[in-house]
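Asks: Pasting in a structure now, in structure tokens, and then I'll have a few things to ask.
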Amino acid sequence: MAVELDQQRVGRLSRMDALQSQAMSVEAKRRREQELRRISGALQRLEDGGYGDCDNCGEPIARRRLEVNPAATLCIGCAGRAES
């Protein structure tokens, strides 16, 4: 009886591990797709001549900010206000 209960417990844990692994895989895929959209947007802004300008206020985004995050669409001021 104890062996049977242990096997059931192991089976449940294996299913839980599989579900968690699947959820992590789905989230990783979502993040990759989001990053690709951000990069694609930055490349489009490069082509259009708007790269480096804040989407909100139109002011230039600081060079250092773009070095850290080349796909940034907001200057530091607008980004801070957007997060508040």
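Any read-out appearing in this document is the output of simple, stated calculations on the displayed coordinates, not a laboratory observation. Keep in mind it's a predicted model, so treat the numbers as computed, not measured. No Cβ is skipped: glycine too gets one built from the backbone with ideal geometry, and neighbour counts run over all protein chains shown.
Asks: When the Karplus curve 6.51 cos²θ - 1.76 cosθ + 1.60 is applied with θ = phi - 60°, which whole-Hz ³J(HN,Hα) does each residue of the stretch 68-83 get, with x for Gly and Pro?
Replies: 6, 9, x, 9, 4, 10, 10, 5, 4, x, 5, 5, x, 5, 5, 7
Asks: On a 0 to 90° scale, report how tilted helix 2-48 is relative to the longest principal axis of the chain, with both axes built from alpha carbons and the result rounded to the nearest 10.
Replies: 10
Asks: Pick the calculated Rg/Rh (Cα atoms, Kirkwood Rh) for this structure from (i) 0.95; (ii) 1.39; (iii) 1.21?
Replies: (ii)
Asks: Rounding to the nearest 20 debye, state how big the charge dipole of the chain is about its Cα centre with +1 on each Lys and Arg Cβ and -1 on each Asp and Glu Cβ.
Replies: With only Lys, Arg, Asp and Glu charged at Cβ, the dipole is about 140 debye.
Asks: Name the residues whose placed amide hydrogens come within less than 5 Å of the amide hydrogen of residue 53, ignoring near sequence neighbours (fewer than 5 apart) on the same chain.
Replies: 61
Asks: If packing is taken as the average number of other Cβ atoms within 10 Å across a peptide's residues, how do 31-42, 65-76 rank, most packed first?
Replies: 65-76, 31-42
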